[in-house]
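The values are calculated or read from the model by the stated rules, or taken from the named source; none is laboratory data. Model, not experiment: these values are computed from the prediction. Here the Cβ is made from the backbone with ideal geometry for all residues, glycine too, and neighbour counts use every protein chain on show. Heavy atoms of the whole protein, side chains included, go into the accessibility calculation; ligands, DNA and RNA do not. Shrake-Rupley method; radii C 1.70, N 1.55, O 1.52, S 1.80 Å.
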Amino acid sequence: MLVELSIRNLAIIDAVRIGFAPGFNVLTGETGAGKSIVVDAVNLVLGERADRDMIQAGADKAHVEALFDVTGHVAVLKALEELGLEAEDGFLPLAREISVAGRTLCRVGGSVVPLATLRQVAEALLDMHGQHEHQSLLDVRRHLAYLDAYGDAAHAALVAGVREAYHAWREAAKELAKLRERLQERDARLDLLRYQISELDGARLRAGEEEELERQRVFFRNAEKITEGIEYAFEAIYEGEGEKISALESLRAGTDALAPLGKLDASYQQLYERLEELYYQLEDASAELRTMRDGLEYDPETAEEVEARLDVISRLRRKYGATTHDMLATRDRLAAELAGLEDAEGTEADLERKATRLEAELYDQAQALHLARRALAHRFEERMCAQLADLGMVNATMRAGFSDLPTREDAAGGFSADGLDHIEFLLAPNLGEPERPLARIASGGELSRIMLALKTVSAEKTGVPSMVFDEIDAGISGRMAQVVAEKMAALAKGHQVICVTHLPQIAAMADAQFLVEKRESEGRTRTNVARLDEQGRCAELARIVGGADPQSASSLNHAATLLQEAAERKDLLRRQDML
């Protein structure tokens with residue numbers, strides 16, 4: 001169950017810590033006091049969308065943490081083990097932090113986890129009924145999900161199997177459709193591929209050849225300057241010019257002059273050795289200059305060939321890649337595509353057989369799921385009618401209306417991830433009335449009660465320990481409010497129930513009541529949440545009931561009477577084993 005909810009810097013909440021009780025908890029307060037902020041905090045822990053606008057003005061981040069007691073909750077403990085997480089001493093904290101920078105941080109048991117992991121764990125711990133969720137009953141597309149939610153683990157496996165089979169079939173069908181689309185353009189594409197491969201092959205490209213060609217181009221375009229420079233350098237360093245001796249000869253003479261001095265002082269010897277090393281280096285450079293000079297030859301034909309070759313590469317570069325490496329990779333890719341297209345007819349036949357086989361398997365699984373849903377619907381309808389009777393709709397009947405299952409030949413166009421079934425809830429709210437689509441005839445109060453009935457029957461199956469209801473009492477008043485209050489109190493027998501309400505009958509039946517109120521201090525508005533004692537509950541119920549003076553003695557007496565009657569009613573229901 002949810003033991004504690006801590007909220008910091010969320011909207012107009014500075015810091016609030018709410019310690020929930022087992023059983024039936026209610027939150028009450030004036031409209032706009034901040035009850036929806038508490039619900040938003042719970043939604044954040046459940047992994048719902050985070051909006052930076054939720055962060056309190058002036059704060060850098062908002063933080064929400066929910067502490068759950070998971071002692072004995074086998075499914076959650078097993079899921080944690082599979083995720084490599086653990087609960088400490090039976091308690092599991094779930095936390096969510098959002099920052100103004102848009103970053104969100106999720107933690108489970110103190111470990112940072114992806115948002116999907118937070119959702120996976122939270123969904124097993126708490127079920128949220130949003131303020132307008134009962135309106136989803138008006139969406140016929142949701143009805144099938146409500147029915148499936150009532151199924152057991154074996155039914156869930158059937159649903160998952162159909163979904164997996166559907167995706168496998170869809171992928172094969174998409175692949176086949178893409179291939180057929182390509183085959184329509186196959187001939188034109190084949191011609192283009194063959195031309196492109198021929199063009200690349202005809203160029204006889206070598207990886208990296210453009211670098212060597214660029215070096216040759218630089219020489220041919222600067223041949224005169226290069227030749228003169230190397231010739232002059234060789235003469236100056238090695239041959240000498242006229243009566244002038246070469247640099248190499250001068251260095252040799254200077255070095256030899258220092259040779260006898262080495263015995264006189266170590267510094268002379270060191271200088272001699274340095275010059276000797278320079279001489280040999282200069283001699284090597286001279287040899288390299290000679291080789292360069294002898295190899296220099298300007299050939300106009302070769303220069304034209306280099307320019308032509310670079311022009312070919314430049315032209316291909318615009319079509320196939322920035323470098324010869326890229327162009328050769330493009331050639332391999334085009335060749336692979338060509339081979340695939342040339343073998344496309346065989347591939348099409350293989351894919352067609354695969355898609356046909358997967359479609360047949362999907363149909364068989366969808367048919368098995370259809371039969372399972374039919375059987376499940378009978379049990380679901382019985383439980384729903386019983387729940388609706390408890391909620392004051394004594395003569396109401398509710399049924400899941402199935403569409404006819406198509407034949408195998410006609411099925412392909414009707415498949416979805418849910419199989420082939422389309423259902424719609426049908427309702428006869430009063431005795432003697434025909435069943436009609438629920439979405440067309442149910443009133444707001446009836447929708448609220450039907451949703452509560454759905455939540456009750458689904459809770460019997462899912463085993464989720466905590467349930468939050470945000471104003472499920474919409475459209476309900478009078479005697480029906482008491483009926484809903486008792487139903488929620490009964491639901492709290494096996495689950496922790498947390499309810500945001502405006503109805504005194506529901507608030508009076510709670511095991512614990514919390515007041516959400518807005519206060520102004522130092523020019524700022526802040527929301528606070530506090531658990532009420534008996535006196536506080538009387539004062540809050542008197543406010544909810546209203547009247548000329550909610551805090552008058554008569555109003556307080558009336559509130560005390562409501563609490564007393566609620567306590568007596570709970571005692572009676574316990575004796576009847578309903579609580």
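How large is the charge dipole for the stretch 109-152, taken about the Cα centre, if only the Cβ atoms of Lys, Arg (+1) and Asp, Glu (-1) carry charge, to the nearest 20 debye?
160 debye
Could you give the length gained by full extension between ALA329 and ALA101, i.e. 0.36 nm per residue of separation minus their alpha carbon distance, to one decimal place?
Gain on extension, ALA329 to ALA101, equals 77.8 nm.
May I ask you to evaluate 6.51 cos²θ - 1.76 cosθ + 1.60, the Karplus curve with θ = phi - 60°, for each residue of the stretch 55-63 and list the ³J(HN,Hα) values in order in whole Hz, giving x for glycine and proline?
Karplus-based 3J(HN,Hα) across the stretch 55-63 equals 6, 4, 4, x, 9, 7, 7, 10, 9 Hz.
Need one number: convex hull volume per residue for the stretch 307-459, Cα atoms only, in Å³.
Cα convex hull per residue, to the nearest whole number: 219 Å³.
For the chain, find the longest principal axis of its Cα atoms and tell me its angle to the long axis of helix 300-320, 0 to 90°, nearest 10.
With rounding to tens, the tilt is 0 degrees.
Given a 1.4 Å probe and the protein chains all in place, what does the accessible area of LYS518 round to, in Å² to the nearest 10?
110 Å²
List, in order, the whole-Hz ³J(HN,Hα) value for each residue of the stretch 89-96 obtained from phi through the Karplus relation with A = 6.51, B = -1.76, C = 1.60 and θ = phi - 60°; use x for Gly and Pro.
Once rounded to whole Hz, the list reads 6, x, 10, 10, x, 10, 10, 9.
Only one of the listed values, (i) 35; (ii) 23; (iii) 55, was derived from the coordinates as percent of Cα pairs over 41 Å apart; which label is it?
Looking at percent of Cα pairs over 41 Å apart for this model, the match is (iii).
Could you grab the Rg to Rh ratio for the stretch 461-553? Cα atoms only, Kirkwood for Rh.
Across the stretch 461-553, the Cα-based Rg/Rh ratio is 1.02.
Here is the link list: LYS455/LYS487; LYS493/LYS570; LYS35/LYS487; LYS35/LYS518; LYS178/LYS319. Which ones come out longer than 18 Å on Cα distance?
Beyond 18 Å between Cα atoms: LYS35/LYS487; LYS178/LYS319.
Mind checking the dipole of the stretch 445-523: about its Cα centre, +1 per Lys or Arg Cβ, -1 per Asp or Glu Cβ, Debye to the nearest 20? It would help to have the intermediate numbers written out before the result.
Working: 8 positive and 10 negative charges, 71 e Å.
In total the dipole reaches around 340 debye.
Just need the relative contact order of the chain here, percent rounded to a whole number, with Cα pairs under 8 Å and 6+ apart.
After rounding, I find 22 percent.
With every protein chain present, what is the per residue accessible area of the chain (1.4 Å probe, Å²)? Intermediate values should be presented prior to the final figure.
Working: 30660 Å² over 579 residues.
Result: 53 Å² per residue.
Using 1/(1 + (r/R0)^6) with R0 = 56 angstrom and r between the beta carbons of ARG204 and GLU288, what's the FRET efficiency to the nearest 0.05? Walk me through the numbers before you get to the answer.
Details: r = 33 Å, r/R0 = 0.59.
E between ARG204 and GLU288, to the nearest 0.05, is 0.95.
With the full set of protein chains in place, find how many percent of the accessible area of the stretch 155-260 is carbon and sulfur; take the probe as 1.4 Å.
Its accessible area is 51 percent carbon and sulfur atoms.
Above 20 angstrom, tally the Cα pairs of the stretch 53-169 and express them as a % of all pairs, no decimals.
The share of Cα pairs beyond 20 Å in the stretch 53-169 comes to 60 percent.
Would you kindly state the longest site-free stretch of the chain, with sites defined as GluC sites (Glu not before Pro) in a DSSP loop (not H, G, I, E, B) surrounded by at most 16 other Cβ atoms within 10 Å?
Values: sites that count: GLU30, GLU48, GLU86, GLU185, GLU243, GLU297, GLU409, GLU435, GLU522.
My reading of the result: 298-408 is the longest stretch.
Report for the chain the percent antiparallel among DSSP-assigned beta bridges with both residues inside it, nearest 5.
75 percent
Taking the Cα centre of the chain as origin and charging only Cβ (+1 Lys, Arg; -1 Asp, Glu), how large is the dipole, in debye to the nearest 20?
That gives a dipole near 3680 debye.
How far apart, in nm, are two points set 7 Å out from the Cα along the Cα-to-Cβ line at SER443 and at GLN281?
With each label placed 7 Å out from Cα toward Cβ, I get 10.4 nm.
Sequence-distant or interchain residues sharing an amide H contact under 5 Å with VAL113, placed H: which?
Here the answer is CYS106, ARG107, VAL108, since their amide H atoms fall under 5 Å of that of VAL113.
For the stretch 413-510, what is the convex hull volume of the alpha-carbon atoms per residue, in Å³?
Dividing the Cα hull volume of the stretch 413-510 by its residue count gives 138 Å³.
If each residue of separation counts as 0.36 nm, what is the full-extension length gain between ASP577 and GLU304 once their alpha-carbon separation is subtracted?
Stretched out fully, the ASP577 to GLU304 stretch lengthens by 87.9 nm.
State the extension gain, in nm to one decimal, for the chain segment bounded by THR227 and VAL394, taking 0.36 nm per residue of separation less the distance between their alpha-carbons.
49.1 nm
At 222 nm, what value in deg cm²/dmol follows for the chain if DSSP H runs of at least 4 each add -39500 (n - 2.57) and the sum is divided by all its residues, to the nearest 500?
It lands at -18500 deg cm²/dmol.
Kindly write out, for the stretch 493-510 in residue order, the coupling ³J(HN,Hα) from the Karplus curve 6.51 cos²θ - 1.76 cosθ + 1.60 (θ = phi - 60°), rounded to whole Hz, with x marking Gly and Pro.
5, x, 9, 7, 10, 10, 10, 8, 9, 10, 9, x, 4, 6, 4, 5, 7, 6
Work out the charge dipole of the stretch 290-422 with +1 on the Cβ of Lys and Arg and -1 on the Cβ of Asp and Glu about the Cα centre, then indicate which of HIS325, ALA375, LEU388 is farthest towards its positive end.
LEU388
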